[in-house]
Amino acid sequence: MAKYLTVILGCLLSAFSSSFSDEVPTIAISCGKTPLTALPKYQHSMDVFGFKDLLVSLWDEDTKVVMVLQNELSFEDFTVKDDHGHSLFKLFENTEEKRFFPSVDQPEKAVEMLSKNGFSIKDYNDDTYVNGSGKIIALADLNENNHNNNNDRQSTLLKNNDNISKMFNHLCKQYTNVVLVFSGKLNPWIKKTEESDALHFVTRHLMAADSTSEPLKIIDPKGKSLIYSASYPTLSINNGPDTQLKGSNAEVFIDDSRDSLLKVGTTFLANESKVTLRFRFERKTFNWDLKSIEFDNGSSNVLLTPKQPIGAQKGLSYFSEGPVIFSNETIVLKFNDKFQVQPWLTKSSENAKFSDPQERDSFFTPPILAGLFVTFLLLFIVTWGITMIMDIKTMDTFDDPKGKTITVNVAE
């Protein structure tokens with residue numbers, strides 16, 4: 001009996017791992033009047049059968065549907081920003097009619113299953129729909145397999161964005177109603193080990209990026225904080241050119257190590273001039289924040305504040321694909337690549353390691369807030385109605401039917 005249970009559990013775990021490895025984000029955009037506009041703005045995760053049914057629902061006789069797949073796609077690919085703070089997928093950022101699916105299980109398999117519904121899957125080209133009729137879904141395969149190097153990954157995503165933009169714009173000029181669905185075959189953050197076929201998460205922690213540039217690592221001597229960037233930051237003063245900071249072999253020091261305040265600093269070289277940066281962390285009851293960086297070049301000491309809040313819950317780290325910018329009126333300090341930081345570590349400096357990063361997506365979306373508002377409004381109405389009903393009082397005095405009736409004389 002135990003042998004059969006082991007086999008069954010092994011099969012279930014294998015099936016679960018295989019399915020989980022192929023869960024990738026998916027986005028659909030459209031031009032014209034298509035079935036996509038009827039879908040809710042906020043979508044949930046779906047399995048392979050749900051996604052197949054979605055593709056079937058997006059097709060009609062007046063709508064052209066094209067499925068675009070790249071080898072590897074993760075949620076982080078949609079959050080990467082360029083130097084101007086815009087998404088690398090500018091097409092999706094600028095398109096009004098779009099629906100985002102955070103997790104779709106095996107989208108490639110779902111496309112293959114469409115043949116059972118009478119669909120023909122054809123490779124995309126300029127004449128895909130010209131020489132065919134019936135239920136046709138075009139499939140465009142973007143060949144890319146490079147996510148280890150951050151710079152190469154960004155250039156790959158930009159190239160794919162250009163290819164998808166050309167494809168989508170060409171179809172929208174040629175046809176009135178077009179739906180383009182973009183997804184991936186695998187999640188790059190889940191891989192098989194060399195020793196076995198077991199799946200595991202690729203760490204997003206310290207030194208996860210394999211960049212050609214020299215990374216910046218700051219570990220204070222007491223092991224209380226950890227700061228990492230895939231490359232050294234750049235410095236610009238009075239709108240001047242960006243200067244790459246360099247290491248000076250200076251020791252990391254702690255200016256302040258109170259329970260609610262931590263200052264960690266070190267010295268860099270900027271055009272042979274010494275520059276000291278002190279990272280100022282503040283801690284509240286359950287959260288910590290990187291409030292500012294003290295910039296000291298010998299002649300001046302100023303505070304550089306981040307353009308966006310940097311912080312997390314206690315016990316979690318902050319992670320960003322970059323760029324991360326600290327500035328004041330005249331000085332701009334920019335971390336262009338991956339940036340991760342965490343103060344008040346629990347482990348020693350010898351074993352210093354980042355905890356899981358804080359999820360930065362907003363939990364309370366507009367539909368959730370609207371739902372809560374309507375719920376509280378209905379509860380108030382129901383409570384008020386019940387209170388009014390309970391306050392209704394019946395008459396406690398009635399006329400005696402056997403007694404003398406009340407007569408009211410009305411004078412004319």
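Restricting the trypsin sites (Lys or Arg not before Pro) of segment 72-109 to loop positions (DSSP other than H, G, I, E, B) with no more than 12 neighbouring Cβ atoms within 10 Å leaves nothing.
For a paramagnetic label modelled on W344 (point 7 Å from Cα along Cα→Cβ), amide N atoms under 15 Å away belong, within segment 301-315, to 311-315.
State in Å² the accessible area per residue of segment 363-402; use a 1.4 Å probe, count heavy atoms of protein chains only, and round to the nearest integer. Walk me through the intermediate numbers first.
On the way: 4110 Å² over 40 residues.
With all protein chains present, segment 363-402 gives 103 Å² per residue.
Label-to-label distance, D127 versus K222, with points set 7 angstrom from Cα along the beta-carbon direction: 7.4 nm. Within 10 Å of each candidate Cβ there may be at most 16 other Cβ atoms; applying that plus a DSSP loop requirement, which trypsin sites (Lys or Arg not before Pro) in segment 260-319 survive? Filter output for segment 260-319: K284, K307, K314.
Sorting 246-253, 50-57, 336-343, 385-392 by their mean Cβ neighbour count within 10 Å, with the most densely packed peptide first, gives 336-343, 50-57, 246-253, 385-392. Close amide H contacts of Q106 (hydrogens built in the peptide plane, cut-off under 5 Å, sequence separation of 5 or more or a different chain): D22, E23, V24. Close amide H partners of N177, meaning residues 5 or more places away or on another chain with modelled amide H under 5 Å apart, are K64.
For segment 278-356, applying the loop criterion from DSSP together with a ceiling of 16 other beta carbons within 10 Å to the GluC sites (Glu not before Pro) yields E329. When the listed pairs K98/K334; K224/K353; K222/K338; K81/K224; K64/K166; K217/K334 are checked against a 22 Å cut-off, the alpha-carbon distance exceeds it for K98/K334; K222/K338; K81/K224.
The simple Förster model, with R0 at 22 Å and r as the Cβ-Cβ distance, assigns F253 and N328 a FRET efficiency of 0.45. Available extension along the chain between S260 and I381 is 39.0 nm, counting 0.36 nm per residue and deducting the alpha carbon span.
Carbon and sulfur: what percent of segment 220-299's accessible surface (1.4 Å probe)?
Values: 1660 of 4060 Å².
So the carbon and sulfur contribution to the accessible surface is 41 percent.
The values are calculated or read from the model by the stated rules, or taken from the named source; none is laboratory data. For clarity, every value in this text was computed on a predicted model and none was experimentally measured. Quick reminder, even Gly has a Cβ in these numbers, built from the backbone with ideal geometry, and neighbours come from all protein chains shown. These area figures cover heavy atoms from the full protein model, side chains too; ligands, DNA and RNA do not enter into them. Shrake-Rupley method; radii C 1.70, N 1.55, O 1.52, S 1.80 Å.
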